[in-house]
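The values are calculated or read from the model by the stated rules, or taken from the named source; none is laboratory data. Remember, it's a predicted structure, so these values are computed and weren't measured experimentally. Neighbour counts run over all protein chains shown; Cβ positions are idealised from the backbone, glycine included. Calculation scope for accessible area: heavy atoms of the full protein, side chains included, ligands and nucleic acids excluded. Shrake-Rupley method; radii C 1.70, N 1.55, O 1.52, S 1.80 Å.
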Amino acid sequence: MTNINSILKSYKIASSRIKNFGEESAKIICNFSTLKKVKNKKLILVTSLSPTPFGEGKTTTAIGLSDALNKNKKTIVCLRQPSIGPTLGWKGGATGFKRSAIVPEKLINYGLNGDFFKIETIHNLISSLIDNHVYYQSKLMINPKRITWRRVIDISDRSLRNIHIWINEKKKISYDGGFDITASSEIMAILCLSKNWIDFIKRVNNIIVAYNFKNQPVYVKDFKITNAIKILSNELLYPNAVKTKENTLCLMHGGPFSNIAHGCSSVISLNLGFKYAEYVVTECGFGSDLGFEKFMDIVSPLGFKPDCVLLCISLKSILYHNQNNKVEKKSDQISNGLKMLNQHIKLITSFGIKPIIAINKFRDDNKKLLEILVKWIKKNEIKYSFCSPELGSSSFKQLSGLVINQCKQKNNLKKIYKDDQNLKKKINIIVHNVYGLKSDAIFSKVAKEKLNKYRNLNYPVCFAKTPYSFSSDPKKLVYNPNDKLIIDDVLLANGAKLIILICGKIYRMPGLPKNPNAED
């Protein structure tokens, strides 16, 4: 193990900017006024095919590619921090694989330097203050039946999804509430979208947590806790510094879920990366429909235009999206997976850039099917490279060359919709151009009412839907342009400045499997 300070020194980060958490991790103290996208610094965005139980190797590709680039170009990789709940539950850790990994794994997967706990504390402080104002029937006149702010905890516990909260049993004042996972907190999204302290505090203060008896919104700023939030969020906005096994600096900061929020690491970490490196590699959550689209429409307008986009796939992921929803080594079944791959390529291209395909290769891959896959990629004139993340940077040499060449080219990357467009127009642009569906989105009565209520807000839309399908049905694993997307509800994240579209059954609190990882 190389001491993290040695890594930071190699990036010319002054010791006065480093706050150590032991020998293996640190926080980098930022001067936010100096953080901005620097000209001639390159941003590489890693996305993937719709996810499968096998994993497409997106994080390992981001890590392995960073290590390969760092041989000749000073490179930093910016990643999200794993949530403890799913790590101890069904998902496992998120630190990469074998040689393409970040360390120390246990510290990273189980809390790192305390950011999630600070977000949890701030979030639940707000919850307790809401209930306290209701208890004392303060001048805020909060209607307990219109409290929209739920509590959070970073443990997967399905029994906490819905609970009944008694504020005052004598006066029979109560309401239905519940817990979400910490990663789904609006404060987490705000952390990752804020450029500095002022921006962060302003956004948190603008969160709408309830409505009063006059049907007027109640904001966090109404509780007059700005100083308390500043104290509790001390050091929260400073990115965490860890390293890859091959000694590339990794800035790990924030961890919003992709099927609920925008699924990208903090913009502060990206700006910090540009300050100290020539190349910054980052990834966006789930497939390109949920990850890449959200990066382009939510993060990119804050000053981040990718110079290169990688689409990670594996043969197993292609085969998974077949008619039977099973991996079977039959040549005639690869065609359905190629339909899914084609739509992911089309949606990325619709933003103004052609992706490079990174094929994560495994020892048990069927050679005949790999040949069919490569033939299809060549026919569609897409640049590609095989990678074996378990081998580390040596297997990413060819891919790094393609990336460097791509970064020299100009692209026409753009948002897919305009901020001032009608909300339904924005939604249907994504449904047609990104998800590739022929029909417009279908809105429930509740969704229609809320869209009308928020029609004057020029916020980006953020889809909360299944990551396994372009539709709102998680069972439709094969791409079909005739599938439907149903929007059941619409939520306003006023602090994060997002309009969240709920499509189908989306759990903001995961459950545990029969044999959770915690048992091991």
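Distance cut-off 29 Å, Cα to Cα: go down the list Lys58/Lys414; Lys106/Lys367; Lys379/Lys418; Lys39/Lys438; Lys354/Lys438 and report the pairs above it.
Lys106/Lys367; Lys379/Lys418; Lys39/Lys438
Summarise the accessible area of the chain (1.4 Å probe, protein heavy atoms) by the percent that is carbon and sulfur.
Working: 10940 of 22030 Å².
C and S fraction of accessible area: 50 percent.
Separation of region 1-75 from region 418-492 is 34 Å, based on Cα centroids. Does anyone have the angle between helix 58-69 and the longest principal axis of the chain? Alpha-carbon axes, 0 to 90°, nearest 10? Long axis of 58-69 versus the principal axis of the chain: about 60 degrees. Summed over the residues of region 180-280 and divided among them, the accessible surface reaches 28 Å² per residue at a probe radius of 1.4 Å. The modelled label-to-label distance between Ser33 and Tyr110, using points 7 Å beyond Cα along the C-beta direction, is 4.2 nm. Ligands, DNA and RNA are left out, and with a 1.4 angstrom probe the accessible area of region 347-480 is 52 Å² per residue.
Relative contact order for region 42-172: what is it in percent, counting Cα pairs under 8 Å that are at least 6 residues apart?
Numbers: 97 pairs, mean separation 26.0, N = 131.
Averaging sequence separation for qualifying contacts and normalising by length gives 20 percent for region 42-172.
Scoring 243-255, 120-132 by mean Cβ neighbours within 10 Å over their residues and listing the highest first yields 243-255, 120-132. Computed from Cα atoms, the angle from the helix 397-407 axis to the main principal axis of the chain rounds to 70 degrees.
What is the distance in Å between the Cα centres of region 107-131 and region 218-281? Computed from Cα coordinates, the inter-centre distance equals 14 Å.
If you take the alpha carbon radius of gyration of region 409-484 and divide it by 2.2 N^0.38 Å, what ratio comes out, to two decimals?
Numbers: Rg = 13.9 Å, N = 76, 2.2 N^0.38 = 11.4 Å.
Normalised Rg, Cα atoms only: 1.22.
Our summary gives the chain a relative contact order of 22 percent, counting only alpha carbon pairs under 8 angstrom and 6 or more residues apart. Here mean projected area of the Cα convex hull in nm² was calculated from the structure, and among (i) 24.1; (ii) 40.5; (iii) 25.6 it sits at label (i). Sorting the segments 83-95, 502-514 by their residues' average number of neighbouring beta-carbon atoms within 10 angstrom, most packed first, yields 83-95, 502-514. Bridges between two residues of the chain, per DSSP, are antiparallel at a rate of about 45%. Rounded to the nearest 10 degrees, the inclination of helix 334-349 to the longest alpha-carbon principal axis of the chain is 70 degrees. Over 30 Å between C-alpha atoms is what I'm after, so list which of Lys91/Lys245; Lys245/Lys514; Lys41/Lys245; Lys12/Lys195; Lys171/Lys505 land there. Beyond 30 Å between Cα atoms: Lys245/Lys514; Lys171/Lys505.
Given a 1.4 Å probe, how much area per residue of region 1-132 is accessible, in Å²?
Numbers: 5390 Å² over 132 residues.
For region 1-132, the per-residue accessible area is 41 Å².
Sorted on the mean count of surrounding Cβ atoms within 10 Å across their residues, most packed first, peptides 60-69, 173-182 read 60-69, 173-182.
Taking region 16-85, how much of its Cα-Cα pair set, in percent, is spaced more than 17 angstrom apart? Each step should come with its number before you reach the end.
Working: 1570 of 2415 pairs.
Of the Cα pairs, 65 percent sit more than 17 Å apart.
Rounded to the nearest 20, the size of the Cβ-charge dipole of the chain about its Cα centre is 1280 debye, with Lys and Arg at +1 and Asp and Glu at -1.
When DSSP beta bridges are limited to those with both residues in region 373-520, what percentage is antiparallel, rounded to the nearest 5? It would help to have the intermediate numbers written out before the result.
On the way: 5 of 11 bridges.
Taking every DSSP beta bridge with both residues in region 373-520, the antiparallel ones total about 45 percent.
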